[in-house]
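The values are calculated or read from the model by the stated rules, or taken from the named source; none is laboratory data. Every value quoted in this text rests on a predicted model; they were computed, and no experiment measured them. Positions of Cβ are generated from backbone atoms using ideal geometry, with glycine treated the same way; all protein chains shown enter the neighbour counts.
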Amino acid sequence: MERNTGFKERRYIEELRILTKSTALDCVIDERFCRVIYVVKIGDMGLAIGKKGENIRRMQTVLGKKIEMVEYAESMDEFIANIFRPAEIDSIRKKNTDTQVDVFLRNKNDIGIAIGKGGCNIEKGRILLKRFFGFDLCEVLHAGE
């Protein structure tokens, strides 16, 4: 999937590299929730977060926005699991159309985590899934539904 990265996003990616020595594959500036979402290279998540979240706090101070990080994965299922972590994914099912998916959670208690405050985690899932795999995230449900 082709992604367009603007000047501001490239600057934020470089800022992350300088401050944390980790590599971001992409960066999304989400004005609606006043945050920056980094998609970090596989294996760089610990380096990006830092000891006790020190690097994230430092990045938030420098950029003046909330920082969220998602570890990239080659498979769509793994990537979705990383987006909604710590909520546990039971399954991911494609809808009748070729570009829509539903996510089913293992525990009913994880629905609140997956949705996030004001729908911020679902929105993060929609943005990243569309950007990296070209799919639309439709619903997040409990596996028993």
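Within the stretch 14-31, identify whether any single residue is within 26 Å of Asp102 (Cα to Cα) and in a helix (DSSP H, G or I), and answer yes or no. Yes, the stretch 14-31 has at least one match. Scan the stretch 95-104 for residues that are of a type outside the set (A, V, I, L, M) and in contact with a strand residue (DSSP E or B) (Cβ under 8 Å, 6 or more places away or on another chain) and the total you get is 5. Taking every residue in the stretch 81-92 that is part of a helix (DSSP H, G or I) and pairing it with any residue that is at pLDDT 90 or above and of a type in the set (Gly, Ala, Ser), at least 6 positions away or on another chain, the pairs with Cβ-Cβ distances below 8 Å are Ala81/Ala73; Asn82/Ala73; Ile83/Gly125; Phe84/Ala114; Phe84/Gly125.
Of the residues screened, Val62 is one that is farther than 28 Å from His142 by Cα and in contact with an Asp or Glu (Cβ under 7 Å, 6 or more places away or on another chain). Within the stretch 41-52, being closer than 15 Å to Glu15 by Cα and either touching a residue at least 40 places away in the same chain (Cβ under 8 Å) or assigned to a helix (DSSP H, G or I) (or both) holds for Leu47, Ala48, Ile49. When residues in the stretch 1-33 are screened for being under 16 Å from Leu128 (Cα atoms), at pLDDT 90 or above and surrounded by fewer than 16 Cβ atoms within 10 Å (Cβ to Cβ), 3 of them pass.
From the list Asn55, Asn107, which residue is out of contact with any strand residue (DSSP E or B) (no Cβ under 8 Å at 6 or more places or on another chain) and either over 23 Å from Lys130 (Cβ atoms) or in contact (Cβ under 8 Å) with a residue 40 or more places away in the chain (or both)? Step by step, each of Asn55, Asn107 is checked, and only Asn55 is out of contact with any strand residue (DSSP E or B) (no Cβ under 8 Å at 6 or more places or on another chain) and either over 23 Å from Lys130 (Cβ atoms) or in contact (Cβ under 8 Å) with a residue 40 or more places away in the chain (or both).
Checked against the criterion of being surrounded by 20 or more Cβ atoms within 10 Å (Cβ to Cβ) and either modelled with pLDDT of 95 or more or touching a strand residue (DSSP E or B) at 6+ places or on another chain (Cβ under 7 Å) (or both), the candidates Ile67, Ile92 yield just one match: Ile67.
The rows are residues; the columns are (1) outside any loop (DSSP other than H, G, I, E, B); (2) at positive phi.
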residue: Asp98; (1), (2): no, no
residue: Val101; (1), (2): yes, no
residue: Phe104; (1), (2): yes, no
residue: Gly112; (1), (2): yes, no
residue: Gly118; (1), (2): yes, yes
residue: Asn121; (1), (2): yes, no
residue: Ile127; (1), (2): yes, no
residue: Phe132; (1), (2): yes, no
residue: Val140; (1), (2): yes, no
